[in-house]
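Just so it is clear, none of the values below were taken in a lab; they were calculated from the coordinates. The structure displayed is predicted, hence computed values, not measured ones.
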Amino acid sequence: MADATSAYHNGASAATCAARWLAENRDNCPRPIVPVLRAMFSLSALEAVQAIREANAVQR
């Protein structure tokens, strides 16, 4: 999981990178999601929630 930030970072914000990762890995993502995203992508709680919203929008 430590490579998640480098694999998804191409100039995008950390929250956007987290959203991309979550959209692709939602089924395998440990729960609760917010602390996982915060730890993996160095996000604030607000940014983690924004990433979840972005990931949910992608799946619809």
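Okay, here's what the table says:
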| quantity | calculated |
| --- | --- |
| Elements of type helices (runs of 4 or more DSSP H) contained in the stretch 10-60, each with 3 or more residues being at negative phi and among the small types (Gly, Ala, Ser) | 14-25, 45-59 |
| The stretch 43-60, subset more than 10 Å from the chain's Cα centre (by Cα) and small (Gly, Ala, Ser), residue farthest from Ala15 (Cα to Cα) | Ala57 |
